[in-house]
Amino acid sequence: MGSKNKGNQKSNQSKEWMENTLLKLMRIEAYQDISIQEITDHAGLSRRTFYRNYSSKDEILEGILYKIWQEYEASIRAESDLSLPNVAKTLFTVMSRHVELLKLLNQHNLLPACLSKIVSLMPPIFYDLKGGVMSFSKVSVSFALAFSMGGFIQILIKWLNEDYQKSPDEMASTVNDILKIAIYPNKMA
């Protein structure tokens, strides 16, 4: 997802320093005001090192979120129950481990843009896990995944804005309620 020089130990160390520096700077100033020069100066690296690893500071955030995605992917692959409520529970379990980072991204209004990049990663894992049993076209499935990921992004933002008071189990129950409301809106009492 975006960054260059994958696998090189020195490059990986530089990336880690730039990630940590960007997040540290985001705690004290607006994201749009942070320059690449400021990142490299605070990380003790050259601009050349930055551009060997990234094309933009957005790629730093994409790389950080990609690591979280990999954690989520490993967790979801370990699940036998791939119902939407259980997928939500898995998602919020992983996200709860990264809540400070997500709150920081949300504070800078970066969460929707960053997470929308993740949407492109969902179809391959979906087809890998469920593709053999789906009777829908790939186009329909890609729209369905975009729809559900958009909903999950908004639910995640609401969860963060409410200081993540609900546990992953409670969020699974909430998603189950959302499905009931969406599928059977006339049966609401």
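General observations
- Given charges at Cβ of Lys, Arg, Asp, Glu: region 9-55 dipole, positive-most of N20, I36, F50: F50
- Computed FRET value (nearest 0.05) for Y127 with E162, which takes r as the C-beta separation and R₀ as 25 Å: 0.15
- GluC sites (Glu not before Pro) restricted to region 31-128 and DSSP loop, no more than 15 other C-beta within 10 Å: E79
- Cα coordinate range in region 41-80, projected on the principal axes (Å, largest first): 47, 17, 13
- Kirkwood hydrodynamic radius of region 9-55, from inverse mean 1/r over distinct Cα pairs, in Å: 10.6 Å
- Every Cα-Cα pair in region 66-128 was counted, and those over 14 Å apart are 62% of them.
- Diagonalising the gyration tensor over the Cα atoms of region 8-110 and scaling each eigenvalue by 5 before taking the square root yields semi-axes of 30, 16, 9 Å, largest first.
- Binning the alpha carbon pair distances of region 94-158 at 10 angstrom intervals from zero yields the distribution 19, 46, 25, 10, 0, expressed in whole percent.
- Within the shell of other residues whose beta carbon sits under 14 angstrom from the beta carbon of Y127, the net charge comes to +1, with Lys and Arg scored +1 and Asp and Glu -1.
- Long-range amide H partners of E79 with built H, under 5 Å: none
- Of the residues P112, P168, Y127, the one whose Cα sits farthest toward the positive end of the charge dipole of region 101-176, with +1 on the Cβ of Lys and Arg and -1 on the Cβ of Asp and Glu, is Y127.
- Backbone amide hydrogens, once placed in the peptide plane, bring Y54 within less than 5 Å of K4, excluding anything fewer than 5 places away on its chain.
- Calculated SAXS-style log₁₀ I(q)/I(0) at q = 0.17 Å⁻¹ - the chain, Debye, Cα scatterers: -1.16
- Extended-chain gain in nm, criterion 0.36 nm per residue less alpha-carbon gap, K10 and K117: 35.9 nm
Each value in this text was obtained by applying a stated rule to the coordinates, not by laboratory testing. Here the structure is a predicted model, which means the values were calculated and not measured. Note that we place each Cβ from the backbone using ideal geometry, even for glycine, and neighbour counts take in every protein chain shown.
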